[in-house]
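The values are calculated or read from the model by the stated rules, or taken from the named source; none is laboratory data. As the structure is a prediction and not an experimental result, all values here were calculated from the model. For neighbour counting, all protein chains shown are included, and Cβ atoms are generated from backbone atoms with ideal geometry for every residue, glycine included. Heavy atoms of the whole protein, side chains included, go into the accessibility calculation; ligands, DNA and RNA do not. Shrake-Rupley method; radii C 1.70, N 1.55, O 1.52, S 1.80 Å.
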Amino acid sequence: MNTRMSAAPPLYPTLIFDTLTAYRRTAALRAAIELDVFTAIAAGADTVGALAHHCAASERGMRILCDCLVVLGFLTKEGERYALTPESAQFLDRRSPLYMGTLADFLNSPVISRGFDQVATAVRKGGTALDDAGTLDPEHPVWVEFAHGMAPRAALTSDLLASAVDLDPNTSHKILDVGAGHGLFGIAIAKRCPSAEVVAVDWRVVLQVAAQNAHAAGVSERFHTVPGSAFDADLGSGYDLVLLMNFLHHFDATACDRLLRRIYAALAPGGRAITLDFMPNEDRVSPPSAAFFSLAMLATTPSGDAYTFGDYERMFRRAGFARSELRPLPPSPQHVVVSFK
């Protein structure tokens, strides 16, 4: 019997190479969105020649781009013809009601990219290397880009959330949406509950986008705005529900404690605070999308972080809340914390 241990397979720096060249994936998808390749294929331009003509591009460039999109999983190829995958057909054909191409406007915006270009500096500093407070500067224009660009994705999540909060549609409700952005979370609840009144807090220019969305949804008469910082603005009181949608992660625990005390005071007895966020497990390295989100906060904010449910549970308890519950929101990778006054 051979008791010798088998030799370990030779190592090769595949992960290093793939990570250092991951920008190519982003560049290929952004180019396809800019050239409207997915919409063109859906319309029948499914060969290199037809696509080059439709998108006003060279045949060589279109061939290389489309082959790369096949490798990345955005297209399929049979012979000389390309086709959309189900995900691309649903989210990258501009004619689809679920079109997500605008996500690139925020996720790859110049200010976000600059933050990630300086991660080493941010690590040394312990916070963003962007000027001043990074994306948290008052009235920062990146949040208008967020309100426009991220709205399609939020529309999906907001419908899931509106179902999850389980409000009686036949009862009046007073809802506060903190850091409302596009306003779609409060709007989704207002559409389900005809007697719900929503108060949205955010920077003035961002609230203009939210107000437009409320008008388009037919709930503008029940959608009210309070411009300013959630830390200083008059939030009002007597709310049945306070929405904290992808908001608390921008701040350190001390700032979150201060804000949550204000939220507690604004809630009516028996009211609930609803927190939506990317929440890593307690090991902080899983699941990957939630764990990796902390890097975005390091790159773009002075002290934000990706908080675990345990972190949030302690924050809400310190603010006076009786208990908090963690709930999934499938198929979204995010989770919801429901905190009870």
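In table form, for the structure just shown:
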quantity	calculated
Calculated on alpha-carbon atoms, Rg and Dmax of the chain in Å	22.8, 82
Sorted peptide list for 319-327, 185-193, 275-283, criterion being average Cβ within 10 angstrom, highest first	185-193, 275-283, 319-327
Interatomic Cα distance distribution for segment 190-253, bins of 5 angstrom, percent	4, 15, 24, 27, 19, 8, 2, 1
Antiparallel content of DSSP bridges confined to the chain, in %, to 5	45
Cleavage-rule hits, chymotrypsin sites (Phe, Trp or Tyr not before Pro), segment 203-232, DSSP coil, Cβ neighbours within 10 Å at most 16	Phe231
Dimensions in Å of segment 84-144 - Rg and Dmax from alpha carbons	16.0, 45
Accessible surface, per residue, of the chain when the full set of protein chains is kept, probe 1.4 Å, Å²	51
Accessible carbon and sulfur surface of segment 107-148 relative to its total accessible area, %, 1.4 Å	56
Per-peptide average of other Cβ atoms within 10 Å, ordering 260-266, 148-154 highest first	148-154, 260-266
Residue among Ala211, Ala50, Ala155 with the largest mean-square fluctuation in a Gaussian network model of the chain, springs linking Cα atoms under 10 Å	Ala50
Segment 43-165 pair-distance distribution - Cα-Cα, 5 Å bins, rounded %	2, 9, 13, 15, 14, 13, 13, 11, 7, 3, 1
Residue-averaged 222 nm ellipticity for the chain, from DSSP H runs of 4+ at -39500 (n - 2.57), nearest 500	-13000 deg cm²/dmol
Between segment 1-74 and segment 305-341, the Cα center-to-center distance that results, in Å	38
Lysines whose Cα lies under 30 Å from that of Lys191, excluding same-chain neighbours fewer than 8 positions away	Lys174, Lys341
Surface share of carbon and sulfur [accessible, 1.4 angstrom probe, percent] for segment 227-336	57
Nonlocal amide H pairs with Val199, under 5 Å, H built at 1.01 Å	Ile175, Leu176, Asp177, His224
Radius ratio Rg over Rh of segment 259-341, counting only Cα atoms, Kirkwood formula for Rh	0.99
Rg(Cα) / (2.2 N^0.38 Å) computed for segment 13-62, rounded to two decimals	1.41
Stokes-Einstein translational diffusion, segment 190-341 - Kirkwood Rh over all Cα pairs, 1.002 mPa s, 20 °C, in µm²/s	131
GNM flexibility winner over the chain from Gly183, Gly79, Gly270 (Cα, springs under 10 Å)	Gly79
